[in-house]
Each structure stands twice: as structure tokens, then as C-alpha cells.
Amino acid sequence: MTAYFMGEFNPAYMYQFKAKKIVVESEQAVSWTLDGEFGGNVTYAEVVNHHKAVSIIRK
């Protein structure tokens, strides 16, 4: 994500698309990070975008 936000998008290693839900499956366990914390080694991950799930109030 750091590379992406710094404008160093490399299409050989990164994909860019919009989605409501992404499912990733792997035969080998892959290290997973959730909100910057180690989430374990997983073979299945499901990421869901809950649109407008949080309201931010500005003064």
C-alpha cells in the first residue's frame, strides 16, 4: 500500500479494481495482516467493503 500511495504502482505485482467483496484462496498458507496487526497464516481470506458503515461527523 505504501508504494501505491507514493505513486509507485507496478502492474507486474499489483492489481487495481473496484469491488464490494474479494475472496482469496491459496493452496499454501499466506501471512495475513489485518489493520496492521498479524492475522495469522491463512489459505482463505474474504474482504468485504461495508459501504458507509461508519459515519464521520465534522464540526
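The values are calculated or read from the model by the stated rules, or taken from the named source; none is laboratory data. This one's a predicted model, so the numbers in the text were calculated from it and none came from an experiment. Cβ sites come from the backbone with ideal geometry, for glycine too, and all protein chains shown count toward neighbours.
I'd like to check something: does the stretch 10-20 contain any residue that is surrounded by 10 or more Cβ atoms within 10 Å (Cβ to Cβ) and either outside any loop (DSSP other than H, G, I, E, B) or more than 12 Å from the chain's Cα centre (by Cα) (or both)?
no
Taking only the stretch 48-57 into account, find how many residues are at pLDDT 90 or above and either assigned to a strand (DSSP E or B) or exposed (fewer than 10 other Cβ atoms within 10 Å of the Cβ) (or both).
The total comes to 2.
Among the residues of the stretch 22-36, how many are of a type outside the set (Gly, Ala, Ser) and modelled with pLDDT of 90 or more?
Matching residues across the stretch 22-36 total 7.
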